[in-house]
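**Q** Before anything else, here's the structure in question.
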Amino acid sequence: VTVDNAATQSDVVLTDTLGAGLTFGAVVSAGDFVAGGSGNVRTFTLPAGAAPGSYSVVYTATVDADAQTSVANAVVPTGGGDPTDPGAPPPSCGNCSTEHPLASAIHVAKSANPPTGSEVSPNDTIAYTLTVTVANAATTEVLTLVDTLGAGLTFGAVTDPGAFACSGALTCTLPAGTAPGIHALTYTATVDADATGTVGNVVTASNPPGGSDPDPVCTTCETEHEIVPTSIAVTKSADPAPGSEVLPGDTLTYTLTVTVSNSVTTEELTLVDTLGAGLSFGAVTDAGAFACTGALTCTLPAGTLPGSYALSYTATVDADATGTVGNAVTASNPPGGNDPDPVCTSCETEHPISATSVAVTKSSDPASGSEVSPGDTLTYTLTVTVSNSATTEVLTLVDTLGAGLTFGAVTDVGAFACSGALTCTLPAGTLPGSYVLRYTATVDAAATGTVGNVVTASNPPGGNDPDPVCTSCATEHEVVATAIVVAKSSDPASGSQVSPGDTLAYTLTVTVSNSATTEVLTLVDTLGAGLTFGAVTDAGAFACTGALTCTLPAGTLPGSYALRYTATVDAGATGTVGNVVTASNPPGGNDPDPVCTSCATEHEVVATAIVVAKSSDPASGSQVSPGDTLAYTLTVTVSNSATTEVLTLVDTLGAGLTFGAVTDAGAFACTGALTCTLPAGTLPGSY
């Protein structure tokens with residue numbers, strides 16, 4: 001813009017409208033102008049007050065690839081004069097339009113969907129569009145387009161050949177004589193499953209050599225797509241499921257699942273499973289695509305395609321496992337590699353071990369409830385059953401023997417450690433199973449009623465193991481009731497003859513059987529007529545009073561207890577003499593009534609014998625004279641026993657004799673001449 005003579009009175013506005021085939025570029029130098037507008041309509045304003053002189057604005061436009069024949073633009077100026085004068089002349093414009101004829105031109109452009117530079121995944125399909133713009137004049141030669149697909153791409157199909165003829169993968173030709181215009185070709189390619197990094201391709205456009213058409217211009221004829229990086233996710237599962245209870249000896253099956261996403265791996269993936277305490281590795285049951293060694297390292301090779309890859313293996317819960325068992329898988333790539341670090345979710349498992357269960361039972365031989373006798377030996381068996389898992393604490397068994405039992409010995413200690421009478425311990429860490437302990441006790445000689453004992457089972461207070469359950473942990477045996485038999489003997493034996501004055505020796509024998517007595521036993525011997533109590537010659541265990549009461553104390557142990565005493569046959573005893581022993585317990589007591597066998601004795605008193613003898617003075621046979629006095633003596637000898645009847649002696653004097661008088665009657669009573677009687681009950685002797 002050239003301003004002459006005087007400064008401008010209003011803004012000078014230049015409006016440049018670019019014609020078809022041109023695209024506005026940029027203002028190179030605005031000078032004093034203010035640029036405006038948009039698209040292909042641009043304004044450049046020289047503000048009012050511009051002094052006389054020349055003012056320039058420089059800008060560019062690009063000839064479009066599809067421009068045809070010629071391109072042109074025109075500038076229209078306005079303003080500059082007096083704004084209040086409607087008749088002020090507009091600026092004069094010389095050479096304010098331009099036109100450029102276009103030579104024949106071929107432009108080739110390439111686009112892709114998704115656009116070049118974006119990410120793609122293996123197996124994605126990329127749609128390519130080749131656009132050939134023929135400008136100015138028809139082509140005179142065949143145009144050949146060759147698209148060479150790079151590694152990682154596999155040709156799909158020509159989806160729209162347009163004006164092209166295509167063959168192979170991929171050569172397409174546009175025939176000679178193609179009129180000016182835009183000619184498009186679309187085709188596809190698939191990203192290979194194992195593609196990594198980037199995939200790209202290049203289109204080349206060519207005319208036959210030596211022809212008249214200008215060489216085609218190929219812009220944006222290369223495309224490149226970045227392959228979405230591989231993504232590796234590792235998960236772990238277990239059967240039974242993590243968190244569920246397991247038992248020692250159980251087999252756990254673990255499954256590791258590696259999910260490769262987006263694209264193939266470029267490096268080896270290593271999985272390491274470290275088993276925790278209480279687990280022992282079993283075996284790989286399904287390695288799948290993995291290579292495994294040891295217990296347990298497994299690798300998935302580089303080049304593994306997207307997909308899921310499973311690995312299964314087992315581990316056994318150790319017999320002595322307690323608390324919880326767990327393991328953790330780590331997943332890694334080689335350091336400094338291209339693949340992203342694998343993401344491991346739920347890669348740790350933990351299973352609680354079922355808590356130990358301890359049951360204690362007690363049995364005895366003979367069985368609880370049966371009868372026993374003093375001196376018997378009882379054998380007790382304690383059985384501890386450990387279930388589910390090993391114990392974590394010491395188990396203590398205490399057997400308290402009741403009254404009437406004396407500890408014997410531990411006959412089979414098994415896994416226990418025992419002391420005293422009786423405390424036994426089973427150590428912490430005892431595995432599931434049954435553990436037996438045997439020991440003995442003897443029924444005391446003085447035991448009565450019942451004997452029993454009780455086992456208590458306990459863990460340390462505040463421990464982890466549940467309290468042991470003790471079933472049938474008490475035993476009771478009834479002590480066989482005492483049996484008392486009383487027998488009586490005598491010397492001389494019962495049934496034999498005795499004589500008055502004889503001494504009889506009696507023996508009472510009390511036999512206590514089964515168990516000790518619990519009450520006083522009383523023996524009473526009542527002597528019959530003709531007997532007089534003598535003395536206790538051997539009281540033994542008895543306490544005796546009178547004639548005769550004897551007692552055997554409560555608590556007398558099984559055995560035989562003898563008592564000896566005497567009695568004398570009275571001088572006047574006749575017929576038989578006897579006595580009877582009675583044995584008794586206090587009424588309402590516990591001991592059974594004593595049994596008295598042969599408790600009565602009887603002796604026949606020897607029958608009396610009477611011999612009568614007569615003598616005379618002078619003796620019989622000698623000569624006597626009349627008037628002589630003869631003295632007669634009658635002697636009665638009573639033998640064996642006293643008489644039971646009156647003995648009568650009658651002396652009849654013969655002729656030539658006259659009774660005189662009784663000179664000595666002795667024990668006799670005499671009357672007349674001569675009757676004399678000896679009374680009944682006369683003791684043995686001579687009268």
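The values are calculated or read from the model by the stated rules, or taken from the named source; none is laboratory data. Nothing here was measured: the structure is a model prediction, and the numbers come from that model. Cβ sites come from the backbone with ideal geometry, for glycine too, and all protein chains shown count toward neighbours. Please note that ligands, DNA and RNA were not included when accessible areas were found on the heavy atoms of the full protein model with its side chains. Shrake-Rupley method; radii C 1.70, N 1.55, O 1.52, S 1.80 Å.
**Q** Over every pair of different alpha-carbon atoms in the range 327-482, take the mean of 1/r and invert it; report that Kirkwood radius in Å.
**A** Its Kirkwood hydrodynamic radius stands at 18.4 Å.
**Q** Give me the Debye-computed log₁₀ of I(q)/I(0) at q = 0.13, 0.22, 0.24, 0.26 Å⁻¹ for the range 462-512, equal point scatterers on Cα only, no solvent, two decimals.
**A** Debye output, listed in q order: -0.62, -0.92, -0.98, -1.03.
**Q** Here's something else I'd like to know. Given contacts defined as C-alpha pairs under 8 Å and at least six residues apart, what's the relative contact order of the chain, whole-number percent?
**A** Contact order relative to length: 7 percent.
**Q** Moving to a separate point now. Where in the range 564-598 does the amide nitrogen come within less than 17 Å of the point 7 Å from the Cα of Ile610, taken along Cα to Cβ?
**A** 572-575, by backbone N distance to the label point.
**Q** Tell me which label goes with the value of semi-axes √(5λ) of the Cα gyration tensor in Å computed from the coordinates here: [x] 78, 30, 25; [y] 94, 30, 23; [z] 159, 28, 15.
**A** [z]
**Q** From largest to smallest, what semi-axes in whole angstrom does the range 436-500 give when each is the square root of 5 times an eigenvalue of its alpha carbon gyration tensor?
**A** Taking √(5λ) for each Cα gyration eigenvalue gives 58, 10, 8 Å.
**Q** Carbon and sulfur together cover what percent of the accessible area of the range 137-200 at a 1.4 Å probe radius?
**A** 59 percent
**Q** Could you please report the charge total around Thr440, scoring K, R as +1 and D, E as -1 over all other residues with beta-carbon less than 13 angstrom from its beta-carbon?
**A** Computed value for this residue: -3.
**Q** Given a cut-off of under 8 Å on Cα pairs at least six residues apart, what relative contact order in percent is computed for the range 111-240?
**A** Relative contact order, the range 111-240: 34 percent.
**Q** Next up: Heavy-atom accessible area of Ile232 with all protein chains present, probe 1.4 Å, nearest 10 Å²?
**A** Approximately 10 Å² for this residue.
**Q** Take the Cα radius of gyration of the range 94-176 and divide it by 2.2 N^0.38 Å, with N its residue count; two decimals is plenty.
**A** Ratio of Cα Rg to 2.2 N^0.38 Å: 1.48.
**Q** Given Cβ point charges of +1 (Lys, Arg) and -1 (Asp, Glu) and nothing else, what value in debye, to the nearest 20, does the dipole of the chain about its Cα centre take?
**A** 1860 debye
**Q** Which FRET efficiency value, to the nearest 0.05, do you get for Ala291 and Glu119 by plugging their Cβ-Cβ distance into 1/(1 + (r/R0)^6) with R0 = 51 Å?
**A** 0.95
**Q** Which GluC sites (Glu not before Pro) in the range 590-662 sit in a loop by DSSP (not H, G, I, E or B) and have at most 13 other Cβ atoms within 10 Å of their own Cβ?
**A** Those satisfying the criteria are Glu645.
**Q** Which whole-angstrom value gives the distance between the alpha carbon centres of the range 423-494 and the range 1-35?
**A** Between the Cα centre of the range 423-494 and that of the range 1-35, the gap is 125 Å.
**Q** Something else now. Report the extension gain between Glu348 and Val662 in nm, rounded to one decimal, defined as 0.36 nm multiplied by the number of residues separating them, less their alpha carbon distance.
**A** 98.6 nm
**Q** Sticking with this structure for a sec: Write down the accessible area per residue of the range 609-660 in Å², having rolled a 1.4 Å probe over the full set of protein chains.
**A** Computed with neighbouring chains in place, this is 69 Å² per residue.
**Q** Could you pull the Cα extents of the range 545-678 along its three principal axes, largest to smallest, in whole Å?
**A** Projected onto the principal axes, the Cα atoms of the range 545-678 cover 91, 25, 23 Å.
**Q** Taking all protein chains as present, what is the carbon and sulfur share of the accessible area of the range 539-650, in % to the nearest whole number, probe 1.4 Å?
**A** That fraction is 52 percent.
**Q** Ignoring ligands, DNA and RNA, please state the percent of accessible area on the range 4-52 from carbon and sulfur, probe 1.4 Å.
**A** That share works out to 54 percent.
**Q** Give me the net charge for the shell around Tyr380: Cβ to Cβ below 14 angstrom, other residues only, Lys and Arg +1, Asp and Glu -1.
**A** -3
**Q** Residue separation times 0.36 nm, minus the C-alpha to C-alpha distance between Thr537 and Ser686: what's the value?
**A** 50.2 nm
**Q** Report the label-to-label distance for Val217 and Ala179 in nanometres (one decimal), using points 7 Å from each Cα along the Cα→Cβ vector.
**A** Output for this residue pair reads 2.4 nm.
**Q** Report the FRET efficiency, 1/(1 + (r/R0)^6), for Val76 and Thr204, where r is their Cβ-Cβ distance and R0 is 45 Å, rounded to 0.05.
**A** With a Förster radius of 45 Å, E is 0.50.
**Q** While we're looking at this one, here's another question. From the Cα trace of the range 1-159, what convex hull volume per residue do you get, rounded to a whole Å³?
**A** 173 Å³
**Q** Any chance you could check the Cα centroid distance between the range 203-217 and the range 100-139 for me, in angstrom?
**A** 16 Å
**Q** Calculate, in nm to one decimal, what Val27 and Thr644 gain on full extension: separation in residues at 0.36 nm each, minus their alpha carbon distance.
**A** Stretched out fully, the Val27 to Thr644 stretch lengthens by 203.6 nm.
**Q** One quarter of the convex hull surface, Cα atoms only: what value does that give for the range 213-259 in nm²?
**A** 6.0 nm²
**Q** Whole number in Å², please: accessible area per residue of the range 404-485, 1.4 Å probe, ligands, DNA and RNA not counted.
**A** Dividing the accessible area of the range 404-485 by its residue count gives 46 Å².
**Q** Within the range 594-618, which residues have the backbone N less than 15 Å from the label spot 7 Å out from Thr522 along Cα→beta-carbon, could you tell me?
**A** Counting only backbone N, you get 594.
**Q** For the pair Val228 and Asp85, what calculated FRET efficiency results from E = 1/(1 + (r/R0)^6), where r is the Cβ-Cβ distance and R0 = 60 Å, to the nearest 0.05?
**A** That gives a FRET efficiency of 0.30.
**Q** Would you calculate the separation in nanometres between label points at Ser370 and Ser584, each defined as 7 Å from the Cα along the Cα-to-beta-carbon direction?
**A** Inter-label distance under the simple model: 3.9 nm.
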